[in-house]
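**Student:** Structure below; questions to follow.
The values are calculated or read from the model by the stated rules, or taken from the named source; none is laboratory data. Only a predicted model underlies this, so the values are computations on that prediction, with no experimental measurement involved. No Cβ is skipped: glycine too gets one built from the backbone with ideal geometry, and neighbour counts run over all protein chains shown.
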Amino acid sequence: MIKIIASHRFVTLKILIAAALMCLTGRTPLTGQDTGEGVGPYRTQTIALNAGWNAVYLEVEPLESAPDALFDGTPIEIVASYFRPVTSMEYTESPSDFLGDRKSWSVWYAPERDDAILSNLYAIQAHHCYLIYSESAYTWNLEGSPYFDAVTWHPNAHNLVGFPVDTANAPTVANFFAGAEAQSGLKVYRMVNGRWVLITAPESTFMEAGKAYWTYAEGASVFTGPLQVEFKGSANGGIIYNESSGARRVVFTNQSAFPQELSLSLRAGRTGLVPMGYLLTALDGPDGSVQIVTLDFPETLEIGPLEAGQSFAIDLVVQNSEISEAVMGSTLVITSDAGLIREIPILTVRNDLLNQ
C-alpha cells in the first residue's frame, strides 16, 4: 500500500490508496524566454571554488551560456568539458597534466590569456560536468533555470558524472549507488587538492551537490540516481501544456536497495504558480463504478513508501479554467529521502490568451 499525503496551508488531507504497483523495467530551457524577460522560475546554484582545479556539476541551465560573458569578472581562467570515455591514465592525473594535448576535451580559456585563441568550448549547459581552474578561492553564484535531463553512461569506462544531491540529506557514496549494478564496484574518484583520488571509504564518504566524479560503469547503464523519473510528452527538458493538453503521466521508480519516501512540490515562476492538479481513481462511485476525479495540487504531496524496484505513477493536469496568463512557468520539485532532488520545468502556453 502506498500512502499519499497532500499537505495544504490550512488543512492536511490524508488518503490511503491501495494500488497495484506498476511493473516497469535539442536544447532550450523551458522558461518562456522568447516572450521577453521570461517567466521562470529561476534559481541560483552556489558553487564554492577552490584556488586551482575544481570538478563541478551544474544543476541549472545558465541564463548566460557563452563562457566569455558568464565568467567575465570572475577569477575563473580555464573551463574544460569532456566528451568521450577515458583511459585509467587520464583520470588519475591532474588536469594540468593532460589538458596540454586537449584530446577528448573542449576547453575555454579566459580572453586575456595567451592561449585564448585555442578555445573551443562555446556553451555552458545544465547537467554537464566541468573542470574549472580558478586563480583564487571564489563563491560562484550561478543564475539559471531548471532543465530535466539524465546521465548518459559509456559502458566499460570511467564517466565524468554528477547528480542533483540533496545537500540537507546527502547520502553516502555506498548508499547512493546501492542497487546500481554497473556501478557496484564503486570505482569512484573525487577531486582533492586539484588531483583525482579514489574514494576508499564509500560507506562513510558523502556525496556532494555540485561536484563531479569519475565513476566506472561495468557494462551498459541507465542509472540516474536512487530515484528514476520518467515522463512522456516532453520537449526541451520539461513538460509543455497548452489549452488542449490532457494529463501527463510522471513515473517514479526506486532504483536503490532501500525503501524511499518522496515529497512533491511546485515552485512558482514570475507570473505565479501554474494551477496544477492530479488525477485520482475513486473506486466507490455512487453506482459502484470507477471514477476519475481531479484534486488540486497541494503545497506538498508526500508519496511512499516506494519499495526497492517498485514504481508509482501520477497523472498531472493543468487547471485551464484558472489560467489568466498566456505563458506561465513552474517547477515540479521531487525530493527523495534517498538524498536526491529532481526538477521538472512545467510551461503552459495558452494561444487563446496571447493577444489579450
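**Student:** Do you know which of the residues in region 200-252 that are assigned to a loop (DSSP other than H, G, I, E, B) and hydrophobic (A, V, I, L, M, F, W, C) is surrounded by the fewest Cβ atoms within 10 Å (Cβ to Cβ)?
**Tutor:** The residue in question is Ala201.
**Student:** Same structure again: Of the residues in region 319-343, how many are of a type in the set (A, V, I, L, M) and modelled with pLDDT of 95 or more?
**Tutor:** Here the count works out to 6.
**Student:** For residues in region 255-274 being of a type outside the set (A, V, I, L, M, F, W, C) and surrounded by fewer than 16 Cβ atoms within 10 Å (Cβ to Cβ), which is nearest to Pro298 (Cα to Cα)?
**Tutor:** Filtering first and then ranking leaves Gly272.
**Student:** Continuing with the same structure: List every residue pair whose Cβ atoms lie under 6 Å apart, where the two residues are 6 or more positions apart in sequence or sit on different chains, the first residue falls within region 342-356 and is farther than 15 Å from Gly237 by Cβ, and the second residue, located anywhere, is of a type in the set (D, E, K, R).
**Tutor:** Partner pairs satisfying both residue conditions: Arg350/Glu243; Asp352/Glu243.
**Student:** Among the hydrophobic types (A, V, I, L, M, F, W, C) and either in a strand (DSSP E or B) or more than 13 Å from Asn242 (Cα to Cα) (or both): is that true of Val333 in this structure?
**Tutor:** It is true that Val333 is among the hydrophobic types (A, V, I, L, M, F, W, C) and either in a strand (DSSP E or B) or more than 13 Å from Asn242 (Cα to Cα) (or both).
**Student:** Counting only residues that are at pLDDT below 90 and closer than 30 Å to Asn242 by Cβ, which one in region 275-285 is surrounded by the most Cβ atoms within 10 Å (Cβ to Cβ)?
**Tutor:** Looking at the filtered set, the residue picked out is Leu280.
**Student:** Now for a different question. Taking the conditions exactly as written (part of a loop (DSSP other than H, G, I, E, B), among the hydrophobic types (A, V, I, L, M, F, W, C) and more than 28 Å from Ser330 (Cβ to Cβ)), does Leu131 satisfy them or not?
**Tutor:** Spelling it out, it is not the case that Leu131 is part of a loop (DSSP other than H, G, I, E, B), among the hydrophobic types (A, V, I, L, M, F, W, C) and more than 28 Å from Ser330 (Cβ to Cβ).
**Student:** Continuing with this model, one more query. I'm trying to understand the selection: among the residues of region 39-59, which are surrounded by 19 or more Cβ atoms within 10 Å (Cβ to Cβ) and modelled with pLDDT under 95?
**Tutor:** Residues satisfying the conditions are Val39, Gly40, Pro41, Tyr42.
**Student:** Let me ask you something else. Among residues belonging to region 92-107 that are surrounded by fewer than 20 Cβ atoms within 10 Å (Cβ to Cβ), in contact with a Phe, Trp or Tyr (Cβ under 9 Å, 6 or more places away or on another chain) and not acidic (Asp, Glu), point out the one that is modelled with the lowest pLDDT.
**Tutor:** Thr92
**Student:** Report whether or not Ser81 is modelled with pLDDT of 90 or more and either surrounded by 12 or more Cβ atoms within 10 Å (Cβ to Cβ) or in a loop (DSSP other than H, G, I, E, B) (or both).
**Tutor:** Yes: the conditions hold for Ser81.
**Student:** Scan Thr35, Thr74 and give me the residue that is at pLDDT 95 or above and more than 21 Å from Thr152 (Cα to Cα).
**Tutor:** One residue alone meets the criteria, Thr74.
**Student:** On the basis of being on the phi > 0 side of the Ramachandran plot and either out of contact with any Cys (no Cβ under 8 Å at 6 or more places or on another chain) or part of a loop (DSSP other than H, G, I, E, B) (or both), does Gly179 make the cut?
**Tutor:** Yes, satisfied.
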